[in-house]
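I have placed the structure first, in the form of structure tokens, so that the comments after it can refer back to it.
The values are calculated or read from the model by the stated rules, or taken from the named source; none is laboratory data. For clarity, every value in this text was computed on a predicted model and none was experimentally measured. For neighbour counting, all protein chains shown are included, and Cβ atoms are generated from backbone atoms with ideal geometry for every residue, glycine included.
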């Protein structure tokens with residue numbers, strides 16, 4: 001849990017460094033790591049609290065997170081029964097989403113155990129349920145590497161998805177104001193997120209209005225390499 005929190009904070013640091021370089025909306029000042037909100041920006045006119053949230057479809061994102069852990073878990077099961085290291089590459093099928101972590105792990109470990117000595121290296125038939133490709137290769141490093149790939153799609157962001165992210169954070173505005181009288185919300189629409197990814201159309205943002213108590217709500221349309229554009233969302237008030 002601690003590692004997960006540290007990883008998330010690292011992502012937030014990257015976003016808060018990249019967004020200001022893409023927009024003149026952010027004033028210059030000293031940026032300080034905080035908790036509630038995520039960061040404090042001390043400027044010559046005062047302090048701005050900045051809370052950060054990601055924009056994505058949480059269902060596909062959660063599924064991808066589960067599947068990403070399966071290859072290493074299967075590797076542990078394999079190495080307890082076999083001392084021959086191998087590299088394994090797998091691609092999950094659409095069926096994987098409905099299968100349990102335990103079944104996917106066990107079936108992959110068993111398949112590699114049964115096929116690691118065969119001449120064939122790439123298997124696309126008679127695979128365990130939940131897989132559409134399994135490759136078994138000579139290891140490139142002593143312990144072997146097991147990796148998995150999950151297909152994903154990108155859809156145009158519906159207004160309701162942005163509204164939901166704002167609502168969740170807007171309910172905590174009184175908490176944020178304890179540390180800073182002025183509070184901004186930075187929503188990051190990451191275009192290299194992978195599973196659960198969405199794309200926000202700037203033309204839609206020009207016409208949409210939202211309800212919020214933040215002084216500013218910004219949407220960072222982040223492109224590969226950390227560049228992008230920052231849009232200030234319109235408030236109904």
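General observations
- Number of residues in segment 41-56 that are in contact (Cβ under 8 Å) with a residue 40 or more places away in the chain and either buried (at least 20 other Cβ atoms within 10 Å of the Cβ) or within 13 Å of the chain's Cα centre (by Cα) (or both) equals 9.
- Residue 172 being modelled with pLDDT of 90 or more and touching a strand residue (DSSP E or B) at 6+ places or on another chain (Cβ under 7 Å): no
- Restricted to segment 57-71, and to residues there that are modelled with pLDDT under 95 and closer than 11 Å to residue 148 by Cβ, the residue that is nearest to the chain's Cα centre (by Cα) is 64.
- Residues located in segment 78-100, provided they are closer than 23 Å to residue 65 by Cβ, outside any helix (DSSP H, G or I) and free of Cβ contacts under 8 Å to residues at least 24 places away in the same chain: 100
Residues checked against (1) over 26 Å from the mean Cα position of the chain (by Cα); (2) under 21 Å from residue 58 (Cβ atoms); (3) without any contact (Cβ under 8 Å) to a residue 40 or more places away in the chain; (4) in the same structural domain as residue 39 (by TED's automatic domain parsing):
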{"position": "136", "(1), (2), (3), (4)": "yes, no, no, no"}
{"position": "171", "(1), (2), (3), (4)": "no, yes, yes, yes"}
{"position": "207", "(1), (2), (3), (4)": "yes, no, yes, yes"}
{"position": "217", "(1), (2), (3), (4)": "no, yes, no, yes"}
{"position": "225", "(1), (2), (3), (4)": "no, no, yes, yes"}
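- Count of residues meeting criterion [modelled with pLDDT of 85 or more and assigned to a helix (DSSP H, G or I)] in segment 1-22: 8
- Among the candidates 114, 103, residue that is modelled with pLDDT of 95 or more and in a helix (DSSP H, G or I): 103
- Scanning segment 144-157 turns up one or more residues that are farther than 30 Å from residue 227 by Cα and surrounded by fewer than 18 Cβ atoms within 10 Å (Cβ to Cβ).
- For the criterion of being buried (at least 18 other Cβ atoms within 10 Å of the Cβ) and outside the structural domain of residue 48 (by TED's automatic domain parsing), residue 176 fails.
- Residues being over 16 Å from residue 14 (Cβ atoms) and not in a strand (DSSP E or B) - total across segment 178-227: 21
- Residue match in segment 25-35 (condition: in contact with a strand residue (DSSP E or B) (Cβ under 6 Å, 6 or more places away or on another chain), modelled with pLDDT of 95 or more and surrounded by 16 or more Cβ atoms within 10 Å (Cβ to Cβ)): no
- Taken over segment 117-143, the residue count meeting the criterion of being in a loop (DSSP other than H, G, I, E, B) and surrounded by 13 or more Cβ atoms within 10 Å (Cβ to Cβ) is 5.
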